[in-house]
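Chemist: Can you read through this structure? Questions will come right after.
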Amino acid sequence: MRSLVRLSFPLVRHYCNRGIPYKTEATHSGVNLTETTPSYRMDQSIALTDTSTKHSVFNEQRVRVQLAQLGDGSVDLVKDDETGVARIVLNNPSKGNALSGKMMVDFSDVVDDLEVWENGKGVVLHGSEECDHFCSGGDVSVLSGLDKPEAGGMMCLFMQNTLSRLQRLPMISVAHVHGQAIGGGAELLTACDFRLWTESTELQFKQAKLGLSPGWGGGARLVGIVGPQRALQLLAGCQKVTASEALEFGLATEVLPRSGDSVQDAAEWLSQYTQPSVDILSGIKELVLAATHLPLDKALKVEREIFTSRWWSSEHEEGFKKVLDKLQRGK
């Protein structure tokens, strides 16, 4: 069964605080990622450059209302309950799939939905197929309405949180990067587990040309993917990256051959990793996250807890029986 979800209102879930200072409580079976690195801790108060307000409380609901008024476009969610694979579609083709404020709110709502999707195993993030580009960054024509440092800071924190939650989803994520991925669009793909490019894909972190640096978490994640020296070259030099270079740098997991339906090719590529059950996949994703962000002793503890919780489950018992039966038949 396939369902197209166009989300325009916030889901009343983890992060709708109704005026309460913002705080995340992202806990994974003994892994509280808010305790691992500062990049995942969404502090209740943020130092801002506005001298009249040295500290400001992040009120997510207020920021959502402000962002939702900025621009058009949408971020759509297509879920396939049979395969357990969803698609997140950046839909603003007239502007190169650039993210408007409204689309940022949509994106957050899509992640909300995926966090509670019981059949979820994988997700493909891609741009609208009506456009030749993955994402050309933020929609400058509408985001220029955020004309004060604190407003930009709030938008930055909102998107950091959304992409961090995307990265922490208990399913395998793939960015299908076709055409151009520019600025904020380049940041989006760093939050996915895998990145599939096409032969014509071109990426550029061009924030420095706009008098900015990355702000949605893509800079920090880029360092983890390509290392600090290469990250400096891409961020400070605004260097364009081709598909072949991306393979060399590790920014591309694979370059897909040309076909009539490259998005479907990406979904089929992902299927090789979505054969296990939802429970097993979520455990594997959890231990990978723990190993990435926690000290080794804590990551080992998480791995042990996940292993123990699944030992001699009905699925495990059935798997053992199949192996034993095969061994018996082989005698």
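The values are calculated or read from the model by the stated rules, or taken from the named source; none is laboratory data. Fair warning: this is a prediction, and the values are worked out from it, not measured in the lab. Every residue, glycine as well, gets a Cβ built from its backbone with ideal geometry; the counts of neighbours run over all protein chains shown.
Chemist: Name, by its number, the condition in (1) assigned to a helix (DSSP H, G or I); (2) without any contact (Cβ under 8 Å) to a residue 24 or more places away in the chain that does not hold for Gln275.
Modeler: The one condition Gln275 does not meet is (1).
Chemist: Out of all the residues in region 281-313, which are under 23 Å from Glu82 (Cα atoms) and in contact with a Lys or Arg (Cβ under 7 Å, 6 or more places away or on another chain)?
Modeler: Leu281, Gly283, listed by residue number.
Chemist: Would you check which residues across region 191-210 are β-branched (Val, Ile, Thr) and either outside any strand (DSSP E or B) or buried (at least 24 other Cβ atoms within 10 Å of the Cβ) (or both) and list them?
Modeler: Thr201
Chemist: Before we move on, is Leu235 surrounded by 15 or more Cβ atoms within 10 Å (Cβ to Cβ), in the same structural domain as Glu82 (by TED's automatic domain parsing) and out of contact with any strand residue (DSSP E or B) (no Cβ under 7 Å at 6 or more places or on another chain)?
Modeler: Considered against the rule, which asks whether it is surrounded by 15 or more Cβ atoms within 10 Å (Cβ to Cβ), in the same structural domain as Glu82 (by TED's automatic domain parsing) and out of contact with any strand residue (DSSP E or B) (no Cβ under 7 Å at 6 or more places or on another chain), Leu235 comes out as yes.
Here's the yes/no breakdown for (1) exposed (fewer than 12 other Cβ atoms within 10 Å of the Cβ); (2) not in a helix (DSSP H, G or I):
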position	(1), (2)
Leu251	no, yes
Leu289	no, no
Thr292	no, no
Glu317	yes, no
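Chemist: Another question, if that's okay. What do you reckon, is Trp269 touching a residue at least 40 places away in the same chain (Cβ under 8 Å), surrounded by 23 or more Cβ atoms within 10 Å (Cβ to Cβ) and either assigned to a helix (DSSP H, G or I) or in the same structural domain as Glu129 (by TED's automatic domain parsing) (or both)?
Modeler: no
For (1) in contact with a Gly (Cβ under 8 Å, 6 or more places away or on another chain); (2) hydrophobic (A, V, I, L, M, F, W, C); (3) under 30 Å from Gly319 (Cβ atoms), each residue gets a yes or a no:
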residue	(1), (2), (3)
Ile225	yes, yes, no
Gly237	no, no, no
Thr242	no, no, no
Leu247	no, yes, no
Thr253	no, no, yes
Asp261	no, no, no
Asp265	no, no, no
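Chemist: Spot the failing condition for Arg230; the list is (1) surrounded by 14 or more Cβ atoms within 10 Å (Cβ to Cβ); (2) closer than 26 Å to Ala266 by Cα; (3) in contact with a helix residue (DSSP H, G or I) (Cβ under 9 Å, 6 or more places away or on another chain), and only one is missed.
Modeler: (2)
Chemist: Would you pick out the residues in region 211-223 that are in contact (Cβ under 8 Å) with a residue 60 or more places away in the chain and either part of a helix (DSSP H, G or I) or not assigned by TED's automatic domain parsing to the domain that holds Val111 (or both)?
Modeler: Result: Ala220, single match.
Chemist: Can you confirm whether Ala208 is small (Gly, Ala, Ser) and over 25 Å from Val123 (Cα atoms)?
Modeler: Criteria met by Ala208.
Chemist: Here's something else I'd like to know. Within region 188-197, identify whether any single residue is at pLDDT below 95, in contact with an Asp or Glu (Cβ under 7 Å, 6 or more places away or on another chain) and in the same structural domain as Glu254 (by TED's automatic domain parsing), and answer yes or no.
Modeler: Among the residues of region 188-197, not one is at pLDDT below 95, in contact with an Asp or Glu (Cβ under 7 Å, 6 or more places away or on another chain) and in the same structural domain as Glu254 (by TED's automatic domain parsing), which makes the answer no.
Chemist: Another question, then. Which of the residues belonging to region 93-103 are surrounded by 24 or more Cβ atoms within 10 Å (Cβ to Cβ) and touching a Cys at 6+ places or on another chain (Cβ under 8 Å)?
Modeler: Asn97, Ala98, Leu99 - these are the residues of region 93-103 that are surrounded by 24 or more Cβ atoms within 10 Å (Cβ to Cβ) and touching a Cys at 6+ places or on another chain (Cβ under 8 Å).
Chemist: Got a sec? Which of Asp81, Asp43 is modelled with pLDDT under 55 and surrounded by fewer than 17 Cβ atoms within 10 Å (Cβ to Cβ)?
Modeler: Asp43
Chemist: Same structure, new question: Would you say Pro214 is at pLDDT 95 or above, surrounded by fewer than 15 Cβ atoms within 10 Å (Cβ to Cβ) and either farther than 26 Å from Lys285 by Cα or out of contact with any strand residue (DSSP E or B) (no Cβ under 7 Å at 6 or more places or on another chain) (or both)?
Modeler: no
Chemist: Arg258 is checked against (1) surrounded by fewer than 14 Cβ atoms within 10 Å (Cβ to Cβ); (2) among the basic types (Lys, Arg); (3) under 26 Å from Gly138 (Cα atoms) and fails just one. What number does that condition carry?
Modeler: Here Arg258 clears every test but (3).
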